[in-house]
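Just so you know, all these numbers are worked out from the coordinates, no wet-lab data involved. Note that this is a predicted model, so its numbers are computed, not measured. Note that we place each Cβ from the backbone using ideal geometry, even for glycine, and neighbour counts take in every protein chain shown.
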Amino acid sequence: KAGVTQTPRYLIKTRGQQVTLSCSPISGHRSVSWYQQTPGQGLQFLFEYFSETQRNKGNFPGRFSGRQFSNSRSEMNVSTLELGDSALYLCASSLEGSESGNTIYFGEGSWLTVV
Amino acid sequence: AQKVTQAQTEISVVEKEDVTLDCVYETRDTTYYLFWYKQPPSGELVFLIRRNSFDEQNEISGRYSWNFQKSTSSFNFTITASQVVDSAVYFCALSQPTGGGNKLTFGTGTQLKVEL
């Protein structure tokens with residue numbers, strides 16, 4: 001079956017703009033989480049959604065937001081982009097939660113460059 | 001607080017050598033899950049293995065093997081007879097089920113370079 005799909009794969013934005021990234025989880029998966037990867041900070045957890053509700057949130061400013069739809073697809077939005085937001089944004093999905101021992105699968109990521 | 005340490009930043013080996021990637025974790029939870037992921041240059045994190053804290057049985061899958069030791073809080077990964085295609089960044093991660101949901105804490109990764 002299809003894996004986690006993220007769009008777009010690459011994008012370039014200007015400082016001050018906003019961006020929306022999309023993620024389609026593996027069919028049947030209800031948990032979707034987002035991570036930011038930068039050379040300086042590594043892989044950092046942004047937030048997780050389950051059944052359209054945010055269940056966990058990392059330590060990021062309010063400019064970073066997300067949502068999940070009834071079909072489990074998720075979007076994340078970054079407003080008022082800063083140069084430091086340039087990163088690889090990875091989406092992950094799993095059946096439920098890790099407390100159930102479910103494996104977490106990642107997509108190929110969206111490479112965001114802010115100029 | 002959760003923490004994962006991968007002390008090896010970069011490892012270079014010659015093809016067919018065995019290589020072990022180290023991972024040390026810290027958690028106060030008694031129930032937790034450990035993961036290894038491989039990240040090729042394309043960026044995707046490829047799942048390799050998941051272990052729960054109650055299962056210390058070591059596993060071998062083809063050329064890959066894992067050594068989980070709770071006594072030393074380590075979850076090391078060995079590639080036997082390495083190949084050029086194994087070149088990638090490898091991440092160890094810890095998930096904290098406390099509070100529900102998925103939240104992975106990653107190590108800083110180990111860059112593995114396998115040369116001919």
(request) Return the only residue of A:Phe60, A:Phe47 being assigned to a loop (DSSP other than H, G, I, E, B), free of Cβ contacts under 8 Å to residues at least 60 places away in the same chain, within 14 Å of chain B (Cβ to nearest Cβ) and not polar (S, T, N, Q). (result) A:Phe60
(request) Kindly indicate which of B:Asn58, B:Asn52, B:Asn76 is under 30 Å from A:Asn59 (Cα atoms) and without any contact (Cβ under 8 Å) to a residue 24 or more places away in the chain. (result) B:Asn52
(message) Being among the aromatic types (Phe, Trp, Tyr), more than 12 Å from the chain's Cα centre (by Cα) and either closer than 29 Å to A:Gln6 by Cα or within 12 Å of chain A (Cβ to nearest Cβ) (or both) is the requirement here; does B:Phe54 meet it?
(response) yes
(request) Within region B:6-31, track down each residue that is among the aliphatic types (A, V, I, L, M) and under 15 Å from B:Lys113 (Cβ atoms). (result) B:Ile11, B:Val13, B:Val14, B:Val19, B:Leu21
(request) Could you tell me whether region B:30-44 includes any residue that is touching a strand residue (DSSP E or B) at 6+ places or on another chain (Cβ under 8 Å), under 25 Å from B:Ala1 (Cβ atoms) and among the aliphatic types (A, V, I, L, M)? (result) yes
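Residue by residue, here is whether (1) out of contact with any helix residue (DSSP H, G or I) (no Cβ under 9 Å at 6 or more places or on another chain); (2) within 22 Å of A:Arg55 (Cβ to Cβ); (3) not acidic (Asp, Glu) holds:
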residue	(1), (2), (3)
B:Thr72	yes, no, yes
B:Ile79	no, no, yes
B:Ser82	yes, no, yes
B:Val89	yes, no, yes
B:Lys103	no, yes, yes
(request) Could you check how many residues of region A:64-92 are under 14 Å from the mean Cα position of the chain (by Cα), surrounded by fewer than 22 Cβ atoms within 10 Å (Cβ to Cβ) and over 20 Å from A:Val115 (Cβ atoms)? (result) 6
(request) Kindly indicate which of B:Leu94, B:Leu34, B:Leu48 is surrounded by fewer than 19 Cβ atoms within 10 Å (Cβ to Cβ), closer than 27 Å to A:Gly109 by Cα, under 11 Å from the mean Cα position of the chain (by Cα) and within 14 Å of chain A (Cβ to nearest Cβ). (result) B:Leu48
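May I ask you to say which residue of A:Ser93, A:Ser33 is touching a His at 6+ places or on another chain (Cβ under 7 Å), under 21 Å from A:Arg9 (Cα atoms) and facing chain B (nearest Cβ under 10 Å)?
Details: A:Ser33 fails: touching a His at 6+ places or on another chain (Cβ under 7 Å).
Answer to the check: A:Ser93.
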(message) Looking at A:Thr20, A:Thr80 in this structure, which one is part of a loop (DSSP other than H, G, I, E, B), away from every other protein chain (no Cβ under 14 Å) and more than 17 Å from B:Gly43 (Cβ to Cβ)?
(response) A:Thr80
(message) Considering only residues that are under 19 Å from A:Gly107 (Cα atoms) and of a type in the set (Lys, Arg), which ones fall in region A:34-88?
(response) A:Arg67, A:Arg73
(message) So in region B:51-86, with the set limited to residues that are crowded, with 18+ Cβ neighbours inside 10 Å and of a type outside the set (Asp, Glu), which one is nearest to A:Ser31 (Cα to Cα)?
(response) B:Arg51
(request) Could you list, in sequence order, all residues of region B:99-116 that are surrounded by 17 or more Cβ atoms within 10 Å (Cβ to Cβ), in a strand (DSSP E or B) and under 13 Å from the mean Cα position of the chain (by Cα)? (result) B:Leu104, B:Thr105, B:Phe106, B:Thr110, B:Leu112
(message) Anything in region B:97-111 that is within 10 Å of chain A (Cβ to nearest Cβ), among the polar types (S, T, N, Q) and either closer than 11 Å to B:Leu21 by Cα or without any contact (Cβ under 8 Å) to a residue 12 or more places away in the chain (or both)? List them, or say none.
(response) B:Asn102
